[in-house]
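All remarks here apply to the structure that follows.
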C-alpha cells in the first residue's frame, strides 16, 4: 500500500520515506505532520531531513502545488529550524530532474540530491554539526 512515513526515531535527523504514489488524503496528512515538525511542536530545535524517494511514486500536479504552497507558507519556520534536506533518488536522470527543479523553485534551506541513504545521512549529520546540533550516529 502506498504511504509516506516520517521516522523521528533518529532526531535531529528525520527520515521521510515515500513508498508508491499516494492519494491526496495521505499527501495532506504528510503535509500536516510536516507542519507540526517545522513549527517545532514537541521536537528538537533544529533538524535535517533525509527524503527517501527511492520507491516513491510521482506526485500529482495538485500534490506538487500543495507542497510548493506549504513551503511558501511555512518558509520562516523551515528556514529557522531545518538545517537541510538530502533527497535520495537512485536514478541519475531522476536526480538531474530534481536538481533542475530545485534551481527553479528553491528551498528555504540547504539541500542536496544524492543516490544513497548513506550519502544522505552523512550530509545531514554535517549540516547539523555546522549548526551546533548534537547528532546521534545512525544504527
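If you check 114, 104, 93, 97, which single one turns out to be farther than 16 Å from residue 39 by Cα and under 13 Å from the mean Cα position of the chain (by Cα)?
Exactly one of 114, 104, 93, 97 is farther than 16 Å from residue 39 by Cα and under 13 Å from the mean Cα position of the chain (by Cα), namely 114.
What pairs can you find where one residue is in the range 50-64 and part of a helix (DSSP H, G or I), the other is buried (at least 17 other Cβ atoms within 10 Å of the Cβ), and their Cβ atoms are less than 7 Å apart, with a gap of 6+ or different chains?
What qualifies is 63/27.
Can you tell me which residues in the range 9-28 are loosely packed, with under 15 Cβ neighbours inside 10 Å and either in a helix (DSSP H, G or I) or at positive phi (or both)?
Result: 20, 24, 25, 28.
Consider only pairs whose beta carbons are under 8 Å apart and that are at least six residues apart or on different chains; among these, list those whose first residue lies in the range 13-37 and is free of Cβ contacts under 8 Å to residues at least 40 places away in the same chain and whose second residue is part of a helix (DSSP H, G or I) and surrounded by fewer than 15 Cβ atoms within 10 Å (Cβ to Cβ).
24/62
Hey, can you tell me all the residues within the range 96-106 that are in contact (Cβ under 8 Å) with a residue 12 or more places away in the chain and either loosely packed, with under 15 Cβ neighbours inside 10 Å or at positive phi (or both)?
Within the range 96-106, 99, 105 qualify.
I need the full set of residues from the range 50-76 which are surrounded by 14 or more Cβ atoms within 10 Å (Cβ to Cβ) and farther than 14 Å from residue 31 by Cα, in order please.
Residues satisfying the conditions are 50, 52, 53, 54, 56, 60.
Taken together, the values in this text are just the output of simple stated rules run on the coordinates, not laboratory data. Just so you know, these numbers come straight off a predicted model, no measurement behind them. Cβ sites come from the backbone with ideal geometry, for glycine too, and all protein chains shown count toward neighbours.
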